[in-house]
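The values are calculated or read from the model by the stated rules, or taken from the named source; none is laboratory data. Because the structure is predicted, anything quoted here is derived from the model rather than measured. We place every Cβ from the backbone using ideal geometry, glycine too, and count neighbours over all the protein chains shown.
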Amino acid sequence: MKVQRFEEYSKSYIDMMSQDFINGILSDNLQEEAKGGTSIWEDLHKKVMNDIGVNFNFIVTFGTGVAAFYPIIDNLVKNMNLNVTVTPLMIVEMTVCAISIVYLEDRKDKLSQTEKNKLTKDIQSELEEFRLQGVYGVVKKLVKVLNSIKSVFNVICKHLGRVIYGFADMFAYTALLIPVMSTLATLVEKYKIDIDTLPGIFLGLGVGISTLISKNFITDFISRLKDRFGFKKKEEEEIKQDLGANDDLSDLKPSIQTFAELSNIKPINDGDTKLENDEDN
């Protein structure tokens, strides 16, 4: 099956993905699969965290939730058909670097100048290594992927009475994050989504999820999520007002200004999938 561009995904595909997502996130089997799926990446995660600089130690505070990102990133990269071999270790290294870039953007007004300078220097060093390995462009795209994932996660959380402001906020809800990530990884594999198409598809997915909840089984779905993950249930009328196409998914088109500043390249325009100085295409 060929990898499809976002324009080729019809509304029926988005509807199917949305239904698969809702079914998957509450699946008892998925809960167990998610635990097993993240555990195989834990040793690699520990190795990378031991190898990289102390300025990346903030990722340790995110806990085991970080490992939930590796399977989806692995599937996305596999769907790219790159000319270079990307090992599982490289998947972990690239993901950690991309998370660090997003974190730096989120915390730019809260970190001291010294902290920002040290983290920036370490990120730039990592990016140079990826340039030499021929996967620099992949890391650049992962920044958009991570922001897109955060937006889908926020769609679920906002209807459970929570709002995710920054990327790091997701790791406060690891019990929910792991099955969400496992479900998204399954969708990426099933529908052959790649790094270029994911942000646009996840924009549609976020709206599709909300539409299904509001039209079909709002009370049952929210109640089951509340019971399973311990969220406070919102009043039904309040949820209904929040749901639908009016969901704020604007951050599915994140700025990559921070990446541009880190790598000394010109920022790309929204919708542009071509990378300047790309060495992996």
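Just wondering, is there one or more residues in region 104-120 that are touching a residue at least 40 places away in the same chain (Cβ under 8 Å), under 21 Å from residue 76 (Cα atoms) and assigned to a helix (DSSP H, G or I)?
Initial filter on region 104-120 (touching a residue at least 40 places away in the same chain (Cβ under 8 Å)): 104-108, 115, 118-120.
From the residues that got through so far, the ones that are under 21 Å from residue 76 (Cα atoms) too are none.
There is no residue in region 104-120 that is touching a residue at least 40 places away in the same chain (Cβ under 8 Å), under 21 Å from residue 76 (Cα atoms) and assigned to a helix (DSSP H, G or I).
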inquiry  = Looking only at region 126-138, count every residue that is in contact (Cβ under 8 Å) with a residue 60 or more places away in the chain and at negative phi and tell me the total.
reply    = 7
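For region 93-103, does any single residue satisfy the condition of being within 21 Å of the chain's Cα centre (by Cα) and in a loop (DSSP other than H, G, I, E, B)? It would help to see each step written out before you state the result.
Restricting attention to region 93-103, the residues satisfying the condition of being within 21 Å of the chain's Cα centre (by Cα) are 93-103.
Cutting the leftovers down to in a loop (DSSP other than H, G, I, E, B) gives us none.
Within region 93-103 (the criterion being within 21 Å of the chain's Cα centre (by Cα) and in a loop (DSSP other than H, G, I, E, B)), the answer is no, since none of the residues qualifies.
Quick grid of which residues meet (1) modelled with pLDDT of 90 or more; (2) touching a helix residue (DSSP H, G or I) at 6+ places or on another chain (Cβ under 9 Å); (3) among the aliphatic types (A, V, I, L, M):
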position	(1), (2), (3)
105	yes, yes, no
119	yes, yes, yes
126	yes, yes, no
149	yes, yes, yes
160	no, yes, yes
166	no, yes, no
171	yes, yes, no
176	no, yes, yes
remark   = Those residues of region 56-77 which are surrounded by fewer than 16 Cβ atoms within 10 Å (Cβ to Cβ) and not hydroxyl-bearing (Ser, Thr, Tyr) amount to 57, 60, 63
